[in-house]
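Just below is one structure, and these are the notes that go with it.
The values are calculated or read from the model by the stated rules, or taken from the named source; none is laboratory data. Just so we're clear, the structure is a prediction, and the values are computed from it rather than from any experiment. Cβ placement follows ideal geometry from the backbone for every residue including glycine, while neighbour counts extend to all protein chains displayed.
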Amino acid sequence: MELKDHSISSAHLNEDNLSMSQQPNIQNPVLNLDEVFQYAQSLKFGELHFKMDAKTGLFAIAAIHSTKLGPAIGGCRCIPYQTTQAAIIDAVRLAHMMSYKAAICGLPHGGAKSVLIRPAEIKDRKAYFESFGSFVHELNGRYVTAMDSGTDVADMDIISNVTPYVTCTTASGGGGDPSPYTATGVRRGIEAAVKFKLGRDDLKGIHVAIQGAGHVGYHLAKELHERGAILTVADIDSLHSEKCQREFNAKIVNSDEIYRVSCDVFAPCALGAILNSATIPLINAPIVAGSANNQLKDLVADDQRLFERGILYAPDFLINAGGLIQAASAYDHGSLDKAVDQIQHLYDAALNIFERAKAENKPTNHIALVIAEERLS
Ligand code: NAD
């Protein structure tokens, strides 16, 4: 069954009173649909669109948080989910943070995200992503899609067959894989944190423990190694960690151990919600700075926990914005040099947040959210 009118479930939502600290647990959501929509409402959405296409196995959710600052941009994630609610919540959480990410970087874009609930098997990837592309096209440019977990540049190329509202393609000026740019921004964030917390201007001998050596983690390891940092990595895929061991002399530890590594910087580059009441007490580093989206399981309580432990947290949605800056620039036909320059300046933006947080005696993510909200409103 192809639903011609994908907007059957579109919801135009208003403000309500759920606080940001009441984020649902996306790993094990026990929410009914009313609560899911209430959550979206609390984050001031926006639009939610759905498309189901039995022919290709597509079940897509497009969450558009805001188009106030421009067309909403955000990756297309294609992974399995335990429940439909979990997929919607993931789309909503991620789209919300994309608005903040675009706003804090001063980009002329709003935030969005799409989630494709990956079926057991995608029989025809071309048909699957063309079906998704036509869904994106029907949103008339209010949503611009991009690469994310479970999708790659080849998928973006397929989408570009049916809609111009896509970036990260291999076409000339299409942007390609944003991961190396994300890694550069994270490295700049780490440099700012090292300067602020440790008073150091370089990374020589700085020990960084990287959780997840995938697209971003690998490039981050490379940049850090080139600057003389010492690396420890953990990845559930041993091929990824072994590559870092071979190329950058990284020490490998298992996934449970990575939190406890005694080091200068813990860099989460794998999963969201990994900074929480169970993991924060284990961290043995004065700085947390990595690429993963939505690292704080609870935006308020876990930010506070890190603050109380004296751990400097580099807000994820700021320092992992390099890929967005580059992908948005490609979509807007901007200059790559300018985008790269802006990514380098994530150092100053991070330093400003650390200084303001110190002056106001507040956690860093709180300050970053306030700055983004000021721009959004
Ligand atoms: P990826 O899928 O290429 O890499 C993630 C890596 O983490 C994989 O190698 C995976 O095996 C590993 N991993 C998964 N669970 C793990 C665990 N429990 N312990 C250790 N390793 C584990 O993804 P990516 O593109 O490198 O993105 C990494 C993170 O950065 C994600 O949270 C993503 O949303 C975020 N991010 C990525 C970009 C980008 O440009 N790719 C931009 C902004 C944010």
| task | Using the structure shown, decide if T83 is of a type in the set (S, T, Y) and over 20 Å from the mean Cα position of the chain (by Cα). | result | yes
| request: Just give me the residues in the range 140-181 being closer than 21 Å to S66 by Cβ, surrounded by fewer than 24 Cβ atoms within 10 Å (Cβ to Cβ) and either in contact (Cβ under 8 Å) with a residue 40 or more places away in the chain or in contact with a strand residue (DSSP E or B) (Cβ under 7 Å, 6 or more places away or on another chain) (or both), in sequence order. | output: G141, R142, D148, Y165
| task | Give the range 273-282 a look and list any residue that's surrounded by fewer than 21 Cβ atoms within 10 Å (Cβ to Cβ) and either aliphatic (A, V, I, L, M) or in contact with a Ser or Thr (Cβ under 7 Å, 6 or more places away or on another chain) (or both), or say none. | result | A273, A278, L282
| remark: G217 vs (1) at pLDDT 95 or above; (2) part of a loop (DSSP other than H, G, I, E, B); (3) within 15 Å of the ligand (Cβ to nearest atom): all pass except (2)
| field | Flag for G141 being on the phi > 0 side of the Ramachandran plot, more than 14 Å from the ligand (Cβ to nearest atom), out of contact with any Ser or Thr (no Cβ under 8 Å at 6 or more places or on another chain) and of a type outside the set (D, E, K, R) | value | yes
| For E257: the one exception among (1) more than 17 Å from A193 (Cα to Cα); (2) under 22 Å from the mean Cα position of the chain (by Cα) | (2)
| request: Could you grab me the full set of residues in the range 287-311 that are within 18 Å of S262 (Cα to Cα), part of a loop (DSSP other than H, G, I, E, B) and either of a type in the set (D, E, K, R) or in contact with a Phe, Trp or Tyr (Cβ under 9 Å, 6 or more places away or on another chain) (or both)? | output: A289, G290, R309, I311
| message | Could you check the range 274-286 and list, in sequence order, the residues that are assigned to a loop (DSSP other than H, G, I, E, B) and more than 10 Å from the ligand (Cβ to nearest atom)? | response | N276, S277, A278, T279, I283, N284, A285, P286
| task | Just need a number here: residues in the range 318-354 that are exposed (fewer than 14 other Cβ atoms within 10 Å of the Cβ) and either touching a strand residue (DSSP E or B) at 6+ places or on another chain (Cβ under 8 Å) or over 24 Å from G175 (Cα atoms) (or both). | result | 1
